[in-house]
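Input: a single structure, listed below in structure tokens.
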Amino acid sequence: MGATGTGKSRLSVDLATHFQGEIINCDKMQVYKGLDILTNKITEIEKQVDEVRGIFVPNADYTKGIRRSIGVPEMDKYLREENKLDNDEESKKMLLQSAIKEIKLNTCKLICRQLEKIRRLRNEKMWPLHHIDATNVFKKVGKDGADDAWNEIVLTPSLEIVEEFLRNDDHKFNVEAAETNNI
């Protein structure tokens, strides 16, 4: 588990490949139209606003399900207004920049909530959590440098943790079902 954008999906693929396992994705917000689920990589085209237009539903309820995903409600105003603005590119640009700013703000809020939940599992539930900090991986420039950093900082320690877990018979945890309100 970890905050948004920290490499959880990549790590799950790496671990499943190494241990010949299977990934069961329980990330309720991770749905990409037309995205190959094995790569978890968004192409340049999928990053564009045009991709969002294909799944935009006017007057949608953003309080439930996949529409709660970061980016969907924030882009609503832009997607509703852009056709009304015809050739007013400056206004469109301002609306888009406002949506992007709101996405970034909401992403930060989500990360803070996720980190608080992780701390609660460690401190209140006494779960034996391991801290793998991938920050320096994302600071690397170039694919080779980032891949090397990933292997050293994230993958190798994670492999050791899982191997230790698999060797240890004393890993029985009492897990409570999470509430599913607004999912």
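Every number in this text was worked out from the coordinates using simple rules, so none of it is lab data. Since this is a predicted model, take the numbers as computed values, not measurements. Every residue, glycine as well, gets a Cβ built from its backbone with ideal geometry; the counts of neighbours run over all protein chains shown.
Here are the numbers for the structure shown:
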{"read-out": "Order of Met75, Met126 - criterion: other Cβ atoms within 10 Å of each residue's Cβ, fewest first", "value": "Met126, Met75"}
{"read-out": "Vicinal HN-Hα couplings computed from phi for the stretch 119-127 (Karplus, 6.51 cos²θ - 1.76 cosθ + 1.60; Hz; Gly/Pro x)", "value": "4, 5, 4, 6, 7, 8, 8, 6, 5"}
{"read-out": "Ranked list, fewest to most other Cβ atoms within 10 Å of each Cβ, for Glu74, Glu90", "value": "Glu90, Glu74"}
{"read-out": "The stretch 80-169 shape via C-alpha gyration tensor axes, a/c threshold 1.5", "value": "oblate"}
{"read-out": "Residue-by-residue Karplus 3J(HN,Hα) for the stretch 162-170, coefficients 6.51, -1.76, 1.60, Hz, glycine and proline x", "value": "5, 4, 5, 4, 5, 6, 8, 7, 8"}
{"read-out": "Prolate/oblate/rounded call for the stretch 80-126, Cα gyration tensor, a/c under 1.5 rounded", "value": "prolate"}
{"read-out": "Members of Lys8/Lys139; Lys104/Lys143; Lys8/Lys104; Lys117/Lys143 lying beyond 28 Å, as alpha-carbon distances in this model show", "value": "Lys117/Lys143"}
{"read-out": "Ala60 long-range amide H proximity, modeled H, under 5 Å", "value": "none"}
